[in-house]
Each structure stands twice: as structure tokens, then as C-alpha cells.
1. Give me the angle, in degrees from 0 to 90, between the Cα long axis of helix 90-100 and the longest principal axis of the Cα atoms of the chain, rounded to the nearest 10.
2. Would you mind counting up the charge near Gly69? Only other residues with Cβ under 15 Å from its Cβ, with Lys and Arg at +1 and Asp and Glu at -1.
3. Which far-off residues, 5 or more places away or on another chain, put their amide H under 5 Å from the one on His111, with H placed in the peptide plane?
Amino acid sequence: MAASLVYLDSSVALRTILDVPERLRLQTWMQNPAMTVLSSRLLRTEVIRVLRRDSRPLADGAPLLDRVGMLEITRETHTVAESIERHVKALDALHLATALLIGEPVTVATHDAAMKDVAGHLGMRVTDPVEHPKS
């Protein structure tokens with residue numbers, strides 16, 4: 001059986017390293033061997049910025065970043081992000097564009113309501129492992 005492709009948004013990813021009640025549950029969810037977890041290279045930048053903001057060692061992000069396959073942001077990514085008609089923030093549009101450009105069915109893992117709405121509108125499956133850990 002092929003692994004399912006999951007596109008990881010920062011609203012879920014950051015909860016695996018921040019001191020939040022769902023952290024351990026999300027870390028366990030992330031280790032599911034039946035999932036291939038991908039994200040935009042943007043996620044790395046977001047993780048590092050949060051770690052620096054909190055004066056934490058960058059190594060704290062390694063377990064997350066080592067688990068996620070990083071996809072580059074290209075000119076095409078920007079063009080697709082700019083074409084998304086429904087409103088989402090610019091960084092979220094880049095995440096969604098990256099997920100769209102995977103070219104295979106992908107489930108977007110996000111806790112952000114606007115991302116859920118727009119990803120669904122774009123025809124992608126959506127899961128919120130913060131709210132629904134068995135997704």
C-alpha cells in the first residue's frame with residue numbers, strides 16, 4: 001500500500017515544537033509511517049523564526065524538519081499563489097500553491113480555518129490533526 005501524501009502547514013507543524021497541550025499527540029501523529037509528509041521550504045523559515053523569537057536552540061526544530069520533505073518555492077509557485085482567488089494570507093497562498101504543484105492527490109494538514117476553506121475549495125482533501133488526531 002502506498003503512503004498517503006500529507007502537506008504540512010505551519011499551523012500544525014509549529015505545534016509539534018511549541019509548548020502546547022497537543023504537542024506530544026501531534027508528534028506521534030507525525031511519525032505515522034503510512035504518511036509521506038511534505039511542505040514548502042517556507043516551513044523551515046517559519047520554524048527557525050519561531051525558535052529565534054523564543055530564544056531556543058535551532059536544534060529543537062530538527063525532529064520536525066528532518067521528518068518533512070521540503071519543496072522549493074519557485075516562480076511557478078508564486079504564479080499559482082497569485083492566482084488563488086479566495087482570500088488567504090500571502091504565506092498561506094504560497095503553502096497552498098506548493099501543495100497544488102505536487103501534482104498528486106495530497107491532504108493538507110492545517111489548523112487554520114481560512115486554509116481549510118480555501119484548500120477544500122481548490123479540491124484538496126483537508127485534515128486538522130489538532131482537532132482530529134486520527135485523521
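Every read-out reported here was derived from the displayed coordinates using simple, explicitly stated rules and does not represent laboratory data. Model, not experiment: these values are computed from the prediction. Here the Cβ is made from the backbone with ideal geometry for all residues, glycine too, and neighbour counts use every protein chain on show.
1. Around 70 degrees separate the two axes.
2. Numbers: positive: Arg41, Arg44, Arg67; negative: Asp9, Asp66, Glu72, Glu104.
Local charge sum for Gly69: -1.
3. Answer set, sorted by chain and number: Ser11, Val12.
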